[in-house]
1. Give the residue that is farthest from C195 (Cα to Cα), with candidates limited to residues of segment 277-307 that are among the acidic types (D, E) and surrounded by 14 or more Cβ atoms within 10 Å (Cβ to Cβ).
2. Go through segment 180-222 and give me each residue that's in a strand (DSSP E or B) and β-branched (V, I, T).
3. Can we say G260 is at pLDDT below 95 and in contact with a Lys or Arg (Cβ under 6 Å, 6 or more places away or on another chain)?
4. From the list G56, G38, G47, G33, pick out the single residue that is over 30 Å from F313 (Cα atoms) and of a type outside the set (D, E).
5. Hey, among the residues in segment 183-222 that are open to solvent by 60 Å² or more (accessible area, probe 1.4 Å) and not acidic (D, E), which one's nearest to S146 (Cα to Cα)?
6. Go through segment 16-58 residue by residue and tally those that are at positive phi and assigned to a strand (DSSP E or B).
7. Among the residues of segment 124-137, what is the count of those that are hydroxyl-bearing (S, T, Y) and open to solvent by less than 50 Å² (accessible area, probe 1.4 Å)?
8. In segment 223-271, which residues are part of a strand (DSSP E or B) and either closer than 21 Å to G330 by Cα or open to solvent by less than 30 Å² (accessible area, probe 1.4 Å) (or both)?
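The values are calculated or read from the model by the stated rules, or taken from the named source; none is laboratory data. None of these values were measured; they are calculated from a predicted model. Because the Cβ atoms are built from the backbone with ideal geometry, glycine has one as well, and the counts that use them run over all protein chains shown. Note: accessible area is taken over every heavy atom of the protein model, side chains too, but ligands, DNA and RNA are not part of it. Shrake-Rupley method; radii C 1.70, N 1.55, O 1.52, S 1.80 Å.
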Amino acid sequence: MADFPVHPDEVTPSWLSEVLGASVAALRWESIGTGQVGDSVRFQLEGENVPATLAGKFPAADETSRATAAMFGLYRKEVEFYRQAAPLLKVRAPKTYFAQGSDDGTQFCLIFEDLGPARQGDQIAGCTIEDARAAMKQAAAIHAPSWGRADIIEAPWLQPAANQGDTVAAMYPKAQVVFRERYGELLEPEYMSVCEALAELAAPYFRRDPELQCLVHGDFRLDNMLFDIRGGAEPIAVLDWQTAAVGKPSHDIAYFIGTGIGQLGLDHEDELLELYLAEMGRLGVGLTREGIRESYRLGILHGVSTAVFSAAFVERTERGDANFLSMARGGCALALRHDSIGALREKD
């Protein structure tokens with residue numbers, strides 16, 4: 001039993017008063033967001049010297065989603081990101097008032113600032129090029145400040161289990177079977193062929209890259225972003241840090257351009273890449289298109305693998321189906337443009 005709330009019903013005025021150091025007289029909550037691994041809510045507060053609203057995040061109600069989160073340490077990662085990494089980065093993430101997780105990784109509680117009113121990013125609806133530009137600047141605000149920093153990239157909470165690559169590689173072909181059975185009549189054959197090829201090459205793909213350069217978000221797409229936050233006072237905030245990891249920055253940017261924004265990314269790929277590189281340079285990290293070419297080609301497949309794996313191992317919903325198809329289409333289209341499967345075969 002956790003000694004902190006693990007469901008919004010367990011958040012009481014007295015507990016929240018202690019967290020805030022102010023008097024909360026009453027509260028109520030409502031669900032927000034579309035997350036499938038964690039459940040997010042908005043708290044309406046009454047009291048003296050307290051915010052009118054706060055946001056909270058708790059373990060998913062769905063048992064399958066919770067089990068997946070515990071297996072890969074997703075809840076612990078998000079808690080530790082807010083506690084340890086967020087203060088060291090330039091990315092706009094919510095301010096936290098409480099962040100705690102259980103030792104076994106199955107329970108957690110986050111209480112943070114409410115960034116509304118804001119526009120929730122929508123993977124299925126897409127976004128404007130202005131939104132995409134704001135996101136690329138935020139990617140640089142994650143990567144550049146963490147570039148080569150041992151206190152971040154060597155942090156124990158960010159390290160995968162010793163056998164995680166082998167475990168995922170063994171599970172991945174089974175996920176592809178589920179994905180094919182579920183979406184075989186819906187996903188274009190040329191895109192499904194990319195998914196099938198990736199399943200055949202799961203072992204080399206999930207082998208850990210020894211060259212770790214910076215912290216990456218890991219799921220850098222529209223559903224994990226808010227735009228025009230605080231009624232337009234700020235352009236964007238980045239949420240949902242459960243998949244934070246150490247690796248190469250091109251995985252986040254390739255994921256966003258392909259899986260994250262689909263056709264918009266295909267149409268504006270060069271512009272967005274140049275914007276990202278310029279922003280990294282402004283923040284003190286000089287990168288070139290040629291220098292990231294191969295890691296970018298491989299990073300595109302991160303979006304494909306996430307769509308396939310998530311479809312098989314989180315709660316199935318109607319929106320989730322549409323989301324995973326959107327992710328797969330965008331990721332596979334970009335993978336075909338850059339022959340990402342060919343790059344993976346060269347690596348093997």
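1. At the first step, the residues of segment 277-307 found to be among the acidic types (D, E) are 279, 290, 294.
Okay, now just the ones that are also surrounded by 14 or more Cβ atoms within 10 Å (Cβ to Cβ), so 279, 294.
Working: E279: 32, E294: 19 Å.
Restricting to residues being among the acidic types (D, E) and surrounded by 14 or more Cβ atoms within 10 Å (Cβ to Cβ), the top hit is E279.
2. Within segment 180-222, the subset in a strand (DSSP E or B) is 214-216.
Selection gives V216 alone.
3. Numbers: at pLDDT below 95: yes; in contact with a Lys or Arg (Cβ under 6 Å, 6 or more places away or on another chain): yes.
Criteria met by G260.
4. Going through G56, G38, G47, G33 in turn, the sole match is G47.
5. Step by step, filter segment 183-222, then rank; the result is P210.
6. The initial filter retains those residues of segment 16-58 that are at positive phi, namely 21, 33, 47, 49.
Among the residues that remain, those that are also assigned to a strand (DSSP E or B) are: 47.
Qualifying residue count, segment 16-58: 1.
7. Going through segment 124-137, the residues hydroxyl-bearing (S, T, Y) turn out to be 128.
If we keep only those that are open to solvent by less than 50 Å² (accessible area, probe 1.4 Å) too, we end up with none.
Here the count works out to 0.
8. Just the residues of segment 223-271 that are part of a strand (DSSP E or B), to begin with: 225-228, 234-238, 245-247.
Within segment 223-271, M225, L226, F227, I236, A237, V238, A245, V246, G247 meet the criteria.
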